[in-house]
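Colleague: Submitted below is the structure of interest, expressed as structure tokens.
The values are calculated or read from the model by the stated rules, or taken from the named source; none is laboratory data. All values derive from a computational prediction rather than experimental measurement. Don't worry about glycine lacking a Cβ; one is built from the backbone with ideal geometry, like all the others, and counts go over all protein chains shown. The area values use the complete protein model at the heavy-atom level, side chains included, leaving out ligands, DNA and RNA. Shrake-Rupley method; radii C 1.70, N 1.55, O 1.52, S 1.80 Å.
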Amino acid sequence: MTICEKLRNSSVTECAAIKLCQSNWSLAAMKFRAKMLDVLYMREFQAIAATLAKLAKDCVMIVAQERMHFIVNEEHCSTSSPLVWVSIASKDYFPEYQMTPARPEQEFIVLVMSAMHLSRSLAVLRSGSSSSVHSCKLNLKQIQFPCISVIASVVSPNSSEPREVVHDVPVTVIPASDWASFMLPKVPNTQIVLGVPSLRLLRSLIDKLKNISPSLIFHGSTAGELNLVAESEMATITTRFSRLLLHKPDQGQSGAGAETSEPEISCSVDTRKASAFFNALQLPNEEIMIGIDSERCICLQLDIRSNVVLHSILPAVCV
């Protein structure tokens, strides 16, 4: 009996079994392996995974020939978590990087996994670890289930011989027919982009403001000023950042830039979503770029390095 005949005549259970079989065929054709050797890059990669784990239960991993992406989509988060994604140039972190999709005409491998499991598998790479890490390999393979194997070569203080620490992180392989629901978000056009050098101060401030007002107004100007305004029935609290570097809005992500001639732009967002983003950050960066699209959204960008960028979008709310 052919597969088509089975699909016509089978039960739901049989259809699921056939889909699983087809998925296994695709997985057998897929290949992905990457290796990190630089200790600083390994620690940054671990910090990225730890950040995602604080924002959502699951994350999407998109593997391309030259880049790797991680997405925390609002569909996979609680309502208090923002949309966040990270783009990593493979040549920056991985001197060894190989990706073969299921079919020659396809450009990606798309996987869904537990953000917490991924973070825990990379915990040995963090700077507080007592062991010395020589390398870390990522490998897509099929055991009893599809998984990303994280293999770290470490040397403990009590031994000169390296040993391998292996974690298998279960993944769900997304077929190409479903990719439309998992594609990389585009950075919206913004009218003003300001660089704020005090990330720790911003995190502490927003964490306190969430207890005062459910919404937070980002008010930016072309003079290099950013005001954060929280309003309640009892008081209005305004925090001013001045002499900020004014960046040119990015025109390469979603068409022409939306640079404005207006001297001031503002947008109100959910304070708890903003707080969730800033509190989740595990990266050592001190500067963050804040783009304001009037009454639409706030775009946050953290340049971990030139080709490794973390983005977040906070949608506007009605005040």
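Colleague: When only residues in region 249-273 that are hydrophobic (A, V, I, L, M, F, W, C) and open to solvent by 20 Å² or more (accessible area, probe 1.4 Å) count, which is modelled with the highest pLDDT?
Modeller: A258
Colleague: Please go through region 124-183 and pick out each residue that is free of Cβ contacts under 8 Å to residues at least 60 places away in the same chain, among the small types (G, A, S) and buried (at least 16 other Cβ atoms within 10 Å of the Cβ).
Modeller: Those that are free of Cβ contacts under 8 Å to residues at least 60 places away in the same chain, among the small types (G, A, S) and buried (at least 16 other Cβ atoms within 10 Å of the Cβ): S131, S149, A152, S153.
Colleague: Of the residues that sit in region 224-248 and are open to solvent by less than 50 Å² (accessible area, probe 1.4 Å) and in a strand (DSSP E or B), which one is nearest to I192 (Cα to Cα)?
Modeller: L226
Colleague: In region 46-118, which strands (runs of 3 or more DSSP E) lie fully inside it and hold 2 or more residues that are within 17 Å of the chain's Cα centre (by Cα) and either under 20 Å from P170 (Cα atoms) or not assigned by TED's automatic domain parsing to the domain that holds P214 (or both)?
Modeller: It comes to 58-63, 67-72, 83-89, 109-114.
Colleague: Identify all residues within region 274-312 that are touching a Lys or Arg at 6+ places or on another chain (Cβ under 6 Å) and crowded, with 23+ Cβ neighbours inside 10 Å; write none if there are none.
Modeller: None; the set is empty.
Colleague: Moving on. Consider L300 carefully, then state whether it is assigned to a strand (DSSP E or B), touching a helix residue (DSSP H, G or I) at 6+ places or on another chain (Cβ under 9 Å) and closer than 16 Å to I206 by Cα.
Modeller: On the way: assigned to a strand (DSSP E or B): yes; touching a helix residue (DSSP H, G or I) at 6+ places or on another chain (Cβ under 9 Å): yes; closer than 16 Å to I206 by Cα: yes.
Yes, satisfied.
Colleague: For region 55-62, indicate whether the set of residues that are buried (at least 19 other Cβ atoms within 10 Å of the Cβ), over 16 Å from M183 (Cα atoms), touching an Asp or Glu at 6+ places or on another chain (Cβ under 6 Å) and small (G, A, S) is non-empty.
Modeller: no
Colleague: Could you count how many residues in region 181-223 are of a type in the set (D, E, K, R) and assigned to a loop (DSSP other than H, G, I, E, B)? Break it down into steps so the answer makes sense when it comes.
Modeller: Initial filter on region 181-223 (of a type in the set (D, E, K, R)): 186, 200, 203, 207-208, 210.
Now restrict to residues that are assigned to a loop (DSSP other than H, G, I, E, B): 186, 210.
Counting residues in region 181-223 that are of a type in the set (D, E, K, R) and assigned to a loop (DSSP other than H, G, I, E, B) gives 2.
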